[in-house]
Amino acid sequence: MLITSFDILFFWVARMMMMGLHFMDEVPFRDVYLHALVRDKYGKKMSKSTGNVLDPLVVMKEYGTDAMRFTLTAFAAQGREIRLDEDRIEGYRHFVNKIWNAARFALMHVADCPESVKDVVANPGALPLVHQWILSRTATVIDEVRLALDEYRFNDVASANYQFIWREFCDWYVEWIKADLFSADPVAKGQAQGVLLVVLETILKLLHPIMPFVTEEIWSVLPGERPMLVTSPFPERQQKWISPAAVEQMELLMGVITGIRNIRSEAEVHPSAKIEAYIVCRDEVKSACISRFAQAISDMTKLSAFVVAAELEKPADAATYIYNDIEIFVPLKGLVDVDGELAKLARERQKVEAKLAQVNGKLTNAQFLANAKPEVVAKEQEKKAVLDATMAKILEAEARLKQRA
């Protein structure tokens with residue numbers, strides 16, 4: 001395979017092909033991977049004379065080599081350009097930190113486990129729902145990553161890893177199993193430890209081609225004797241882990257939890273305050289599933305009461321969230337200081353209005369637009385977009401609060 005850029009496709013690649021056929025009587029390469037062109041954040045070609053070059057050594061020292069590698073991979077879609085911005089690299093450094101912190105938490109619970117603790121994944125159907133779900137999702141991600149690698153879609157490799165690790169493994173699975181990991185029940189604890197270790201090992205292997213340094217370091221401190229990660233086999237397809245039913249049920253539970261959390265967040269209910277939640281679900285199968293995990297839902301959303309019913313009158317002063325065919329009600333009476341929140345929003349609105357007036361003044365000034373560099377104008381336009389979005393959220397929040405006043 002030849003790796004090159006599209007701008008020299010004719011001048012270099014075609015000539016190499018013709019020379020190989022002419023002088024060696026053989027095709028020099030069967031596959032050509034056209035990588036993206038790296039430009040600055042405004043889309044301009046990097047050059048020393050322009051002064052917009054990012055020194056990779058400086059960037060790696062600041063943000064870490066793995067963050068730099070992952071950023072380039074995440075934006076390396078074939079046939080596109082990479083507008084490289086340090087803010088993006090910093091964002092993926094947070095992802096590296098997320099992985100590191102999740103691994104540290106896992107090591108607190110699996111560091112002294114024997115190799116046999118992983119035997120629980122041999123019969124995934126006998127495990128609790130959350131373990132069946134994460135194993136099924138892990139198997140699906142293995143398939144996605146392997147296919148993307150085979151097809152040279154390296155940005156899809158990065159995306160599949162990112163979404164699974166951050167959104168599902170860290171945000172949901174690790175949070176869900178904390179009670180089992182601290183449990184006095186040896187069976188529940190052993191199941192959580194075994195699945196956690198297996199999934200963490202798989203994640204490190206899937207990430208290793210993009211993030212070799214952090215993954216190798218974490219791998220080296222996992223329990224048991226093991227070869228270096230770089231010499232370990234890449235994850236194979238795990239058909240027996242796949243369970244569409246487990247995925248469907250967990251998506252239902254996560255949807256309900258997300259709905260309750262969204263109401264709490266939008267209403268700005270204090271994080272420590274206990275709330276009530278009422279679920280209207282006319283589907284008997286879904287209703288039974290939600291009721292079966294009522295305790296887990298209550299623990300993860302800090303509920304004082306949780307009711308699931310096929311028919312239910314909306315409580316007075318309740319906020320509503322619709323998840324597919326399910327209605328979620330959370331009474332807010334006494335939980336929100338409406339006048340205080342409106343006053344705070346008014347102060348924030350005044351600050352945003354002042355900043356918007358300043359930015360709009362520049363962007364409507366013909367002299368500024370004519371004399372300013374394109375990147376300066378683009379920066380002001382970005383400011384305006386952020387301020388407009390902030391203002392829209394403030395106005396939306398004010399409208400919600402006024403309805404309750």
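For the stretch 248-361, which fully contained strands (runs of 3 or more DSSP E) count at least 1 residues that are under 29 Å from the mean Cα position of the chain (by Cα), under 30 Å from K379 (Cα atoms) and at pLDDT 90 or above?
In the stretch 248-361, there are no strands (runs of 3 or more DSSP E) which contain 1 or more residues that are under 29 Å from the mean Cα position of the chain (by Cα), under 30 Å from K379 (Cα atoms) and at pLDDT 90 or above.
Looking at this structure, is W219 surrounded by 18 or more Cβ atoms within 10 Å (Cβ to Cβ), farther than 22 Å from A102 by Cα and at pLDDT 95 or above?
no
So which of K302, K274 is surrounded by 15 or more Cβ atoms within 10 Å (Cβ to Cβ) and among the charged types (D, E, K, R)?
On the way: K274 fails: surrounded by 15 or more Cβ atoms within 10 Å (Cβ to Cβ).
Result of the check over K302, K274: K302.
From the list R167, R226, R237, which one is free of Cβ contacts under 8 Å to residues at least 60 places away in the same chain, of a type in the set (K, R), assigned to a loop (DSSP other than H, G, I, E, B) and loosely packed, with under 14 Cβ neighbours inside 10 Å? Lay out the reasoning, then the answer.
Values: R167 fails: assigned to a loop (DSSP other than H, G, I, E, B); R237 fails: free of Cβ contacts under 8 Å to residues at least 60 places away in the same chain.
Going through R167, R226, R237 in turn, the sole match is R226.
Please specify each residue of the stretch 113-125 satisfying the condition of being surrounded by fewer than 16 Cβ atoms within 10 Å (Cβ to Cβ) and either over 15 Å from E201 (Cα atoms) or without any contact (Cβ under 8 Å) to a residue 60 or more places away in the chain (or both).
If the condition is that a residue be surrounded by fewer than 16 Cβ atoms within 10 Å (Cβ to Cβ) and either over 15 Å from E201 (Cα atoms) or without any contact (Cβ under 8 Å) to a residue 60 or more places away in the chain (or both), then S116, A122, N123, G125 are the ones that fit.
Y321 passes all but one of (1) of a type in the set (S, T, Y); (2) touching a residue at least 60 places away in the same chain (Cβ under 8 Å); (3) more than 24 Å from K393 (Cβ to Cβ); which number fails?
The single condition Y321 does not satisfy is (3).
Take the residues of the stretch 367-405 that are in contact (Cβ under 8 Å) with a residue 60 or more places away in the chain and of a type in the set (D, E, K, R): which is surrounded by the most Cβ atoms within 10 Å (Cβ to Cβ)?
Only one residue tops the list, namely R400.
Within the stretch 78-112, track down each residue that is surrounded by fewer than 15 Cβ atoms within 10 Å (Cβ to Cβ), hydrophobic (A, V, I, L, M, F, W, C) and either in contact with an Asp or Glu (Cβ under 8 Å, 6 or more places away or on another chain) or under 15 Å from M211 (Cα atoms) (or both).
Matches in the stretch 78-112: W100 only.
Would you be able to say whether some residue in the stretch 193-210 is charged (D, E, K, R), more than 18 Å from R104 (Cβ to Cβ) and in a helix (DSSP H, G or I)? Walk me through how you get there before you give the answer.
Taking the stretch 193-210 first, the residues charged (D, E, K, R) are 201, 205.
When the remaining residues are screened for being more than 18 Å from R104 (Cβ to Cβ), the result is 205.
Those still in the list that are in a helix (DSSP H, G or I) too: 205.
Among the residues of the stretch 193-210, at least one is charged (D, E, K, R), more than 18 Å from R104 (Cβ to Cβ) and in a helix (DSSP H, G or I), which makes the answer yes.
In the stretch 81-93, is there at least one residue being over 22 Å from the mean Cα position of the chain (by Cα), farther than 14 Å from V199 by Cα and not hydrophobic (A, V, I, L, M, F, W, C)?
Yes, because at least one residue in the stretch 81-93 is over 22 Å from the mean Cα position of the chain (by Cα), farther than 14 Å from V199 by Cα and not hydrophobic (A, V, I, L, M, F, W, C).
Report yes if P244 is within 24 Å of E144 (Cα to Cα) and surrounded by fewer than 18 Cβ atoms within 10 Å (Cβ to Cβ), otherwise no.
Working: within 24 Å of E144 (Cα to Cα): yes; surrounded by fewer than 18 Cβ atoms within 10 Å (Cβ to Cβ): yes.
It is true that P244 is within 24 Å of E144 (Cα to Cα) and surrounded by fewer than 18 Cβ atoms within 10 Å (Cβ to Cβ).
Here is a list of conditions, (1) part of a helix (DSSP H, G or I); (2) at positive phi; (3) of a type in the set (S, T, Y), and Y152 meets all of them except one; can you say which number that is?
Failing condition for Y152: (1).
Looking at K205, is it assigned by TED's automatic domain parsing to the domain that holds I99, over 17 Å from F70 (Cα atoms), basic (K, R) and surrounded by fewer than 21 Cβ atoms within 10 Å (Cβ to Cβ)?
When the stated conditions are applied, K205 does not pass them.
Which condition number does D66 fail, the rest of (1) under 25 Å from the mean Cα position of the chain (by Cα); (2) under 23 Å from M211 (Cβ atoms); (3) assigned by TED's automatic domain parsing to the domain that holds F234 being met?
The single condition D66 does not satisfy is (3).
The values are calculated or read from the model by the stated rules, or taken from the named source; none is laboratory data. Every value quoted in this text rests on a predicted model; they were computed, and no experiment measured them. Reconstructed Cβ throughout: ideal geometry from the backbone, glycine too, with neighbour counts over all protein chains shown.
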